[in-house]
Structures are given as structure tokens and as C-alpha cells.
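Input: a single structure, listed below in C-alpha cells.
The values are calculated or read from the model by the stated rules, or taken from the named source; none is laboratory data. What you see is a predicted model; the values in this text were computed from it and never measured. Neighbour counts are summed over all protein chains in view; Cβ atoms, including those assigned to glycine, are modelled from backbone coordinates with ideal geometry.
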Amino acid sequence: MKVEVAYALPDEQFLQEVEVPDGATLKDAILQSGVLEKYPEIDLDSNKVGIFGKLHNLTDALQPNDRVEIYRPLICDPKEVRRQRAKKGKTSAKV
Amino acid sequence: MLMAILIVSVLAGLFGLLLGFASIRFKVEGDPIVDQIDQLLPQTQCGQCGFPGCRPYAEAIASGEADINRCPPGGETTVQALADLLGVEPKPLDAEAGEPSDIPMVAVIHEEYCIGCTLCIQACPVDAIVGAPKQMHTVIADECTGCKLCVPACPVDTITMEPIPPTPENWTWPFPDKPYIPITVETAHEQ
């Protein structure tokens, strides 16, 4: 079955289609796609992975046409952003 | 007499079988005109026409529910192409649907403010954003259709639309400054 592997940076996005056997896991697809060789900064122990916006384990089985995504951590701390916004007296960033 | 009846009946039976076979073999799935209209639409899935995507809009045009001038991303070119296909008069774009943008745009997420809320991912009609709850969200520029639907969805206003930077793949010759004057018989003689 065909699945895609995605790793996105602001200026450059890796999107690779791979053919994996039925019952393959997220890890199989990631290893097969070659993304780890191209982006050595990816550490599968710390970078979370998922399928189409939902977090999954590396050992979860894939469905045909899934997009395996390797995520990067946030830069800001959402709680800190919220605290600062509350200090300013705004309920939302929207005006 | 008997022979003639026999021959005609056999012929009728044969043609009946032929027609029956053809109707099964060449059965048309769906409405082919919808496919043709859908191909002319820009596939931004932006919903500015008032339908939840290009295909539903194509179906609405085919059934006569919608006008052909409700696609701002396609602009005048798409209206003209649809008018040619359907054999109707082209009309100016419906201002209600929105303004067409001249420069192709792509959504950019400014990472220092992204809080990983996934609202933009849910808003994106073409799955062009990679991200998960509390993880960095990033736009896949090649998949982004520039529909702007993620911009109002972001609670921290960190998505902006940026013009696509020119690369060797997408660069085109700039248009000349002077308006294009078609050469007619009269102007050709003057030159």
C-alpha cells in the first residue's frame, strides 16, 4: 500500500511517497522514506510522530494513503503566551 | 415471406443485444460535464463560491443552480473557460464572492507564536498543514492553494499570506509595460 511521509520546516518540506507492505508501522515507513538520512536532526525518541494531525506511536499500523508526519516541538510556551495576554487584559489575540 | 420475417427478427434481436451490451460496457458513471467543469476550476477548495469545494461548485454549475462567475481564485480566465465549455456568455466576476488576487500567495506560519492548537489544520481544505496538538504546525508550500481559510482560524494571528518567491521552476517573463495592441489589417499597414 502507498503512504506518504512528511517532515516540514518553514522553508523546506519533505514529502515522500513510499510503498510499504500491509501491516507496516509508522517506523517502517519513516525508515523507508530516507527522511532520517536527509534530516539528521530528527530523533525518533524525542520528535513525536502521527498521521494527518493526530499523534500516533511509532509501532502503530498504517492504513493505505495515510500521511505519516514527523513533528517538531513548539518554540513558544502556550501557557506563557496566554499569561502575558491575560496580563494585557485581552481575552483573545483577535481584536 | 416467412424468410423476410425471420431475417428481420434475427436482425432486431442482434441489434437489441448490441445495444444492451453497449449500455453496460460504456456506462457513464456520474455526469461527464461535472468532470469537465471540475477540471477548469482551480482546485483551491477555498469555498469562496459558497459551495464546500470545487467539485460541489462544479455540480451546482452543471445543474444550473450556480452561476459561472463565482470563482475569485480562477478569475476572468476561469469564467471565460467555463463560458466556452458551456456555450454561454462570459460575465464579470461576482463581487460578492471576493476579489481575485493577482499574485499567487502561500500561507506562512510564524513559528515563534504557534501554540499548536490544530485549528488551522482543521480549516485547511487540502491537508497542506503538518502538525498535531502541542506540536509545531508548518505549511507544505507545494500543497498550499493560497485559499486564506487558515488565516482567520488562527487564535494567535500568526499565519500570514506571503507571495510565492520566484524560483527557476515558477519564474515567468514579466508582462510588457505597454498594453498589448493586437495587429489588425489597418495597424499592420501603418507599421
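Among the residues in the stretch B:35-50, are any surrounded by 13 or more Cβ atoms within 10 Å (Cβ to Cβ), of a type in the set (V, I, T) and either outside the structural domain of B:C147 (by TED's automatic domain parsing) or farther than 30 Å from B:C150 by Cα (or both)? Yes. Do we find a residue being in a loop (DSSP other than H, G, I, E, B), within 11 Å of another protein chain (Cβ to nearest Cβ), buried (at least 16 other Cβ atoms within 10 Å of the Cβ) and over 18 Å from the mean Cα position of the chain (by Cα) anywhere in the stretch B:155-166? Yes, the stretch B:155-166 has at least one match. With respect to the conditions (1) more than 14 Å from chain A (Cβ to nearest Cβ); (2) in contact (Cβ under 8 Å) with a residue 24 or more places away in the chain, B:K27 falls short on a single one, namely (2).
Within the stretch B:125-141, residues that are more than 7 Å from chain A (Cβ to nearest Cβ) sit with their Cβ atoms under 8 Å from residues that are of a type in the set (S, T, N, Q) and buried (at least 24 other Cβ atoms within 10 Å of the Cβ), at 6+ positions apart or across chains, in these pairs: B:I129/B:T138.
Here is a check on your reading of the model: is B:Q36 of a type in the set (S, T, N, Q), closer than 18 Å to B:A97 by Cα and either in a loop (DSSP other than H, G, I, E, B) or in contact with a helix residue (DSSP H, G or I) (Cβ under 8 Å, 6 or more places away or on another chain) (or both)? Outline the logic, then answer.
Numbers: of a type in the set (S, T, N, Q): yes; closer than 18 Å to B:A97 by Cα: no; either in a loop (DSSP other than H, G, I, E, B) or in contact with a helix residue (DSSP H, G or I) (Cβ under 8 Å, 6 or more places away or on another chain) (or both): yes.
It is false that B:Q36 is of a type in the set (S, T, N, Q), closer than 18 Å to B:A97 by Cα and either in a loop (DSSP other than H, G, I, E, B) or in contact with a helix residue (DSSP H, G or I) (Cβ under 8 Å, 6 or more places away or on another chain) (or both).
Residues satisfying the criterion are absent from the stretch A:17-40 (criterion: of a type in the set (S, T, N, Q), closer than 19 Å to B:T138 by Cα and surrounded by 14 or more Cβ atoms within 10 Å (Cβ to Cβ)).
Checking each residue in the stretch B:112-122 for being within 15 Å of B:V156 (Cα to Cα) and either touching a helix residue (DSSP H, G or I) at 6+ places or on another chain (Cβ under 6 Å) or more than 7 Å from chain A (Cβ to nearest Cβ) (or both) picks out B:I115, B:C117, B:L119, B:C120. With the structure loaded, tell me whether B:K148 is facing chain A (nearest Cβ under 8 Å), within 27 Å of A:V81 (Cα to Cα) and of a type in the set (K, R) or whether it fails that test. No: the conditions fail for B:K148. Based on this model, can you work out whether B:T138 counts as polar (S, T, N, Q), more than 25 Å from A:R83 (Cβ to Cβ) and under 18 Å from the mean Cα position of the chain (by Cα)? Against the criterion (polar (S, T, N, Q), more than 25 Å from A:R83 (Cβ to Cβ) and under 18 Å from the mean Cα position of the chain (by Cα)), B:T138 does not qualify.
This table checks each residue for (1) aromatic (F, W, Y); (2) modelled with pLDDT of 85 or more; (3) under 18 Å from A:R67 (Cβ atoms); (4) not assigned by TED's automatic domain parsing to the domain that holds B:Q39.
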| position | (1), (2), (3), (4) |
| --- | --- |
| B:A62 | no, yes, no, no |
| B:Q80 | no, yes, no, no |
| B:L85 | no, yes, no, no |
| B:E111 | no, yes, no, yes |
| B:I121 | no, yes, yes, yes |
| B:V126 | no, yes, yes, yes |
| B:A132 | no, yes, yes, yes |
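Taking B:P125 as the residue in question, decide whether it is part of a loop (DSSP other than H, G, I, E, B) and over 12 Å from A:L74 (Cβ atoms). Answer is yes for this residue. Taken over the stretch B:20-32, the residue count meeting the criterion of being surrounded by 10 or more Cβ atoms within 10 Å (Cβ to Cβ) and more than 27 Å from B:A60 (Cα to Cα) is 3.
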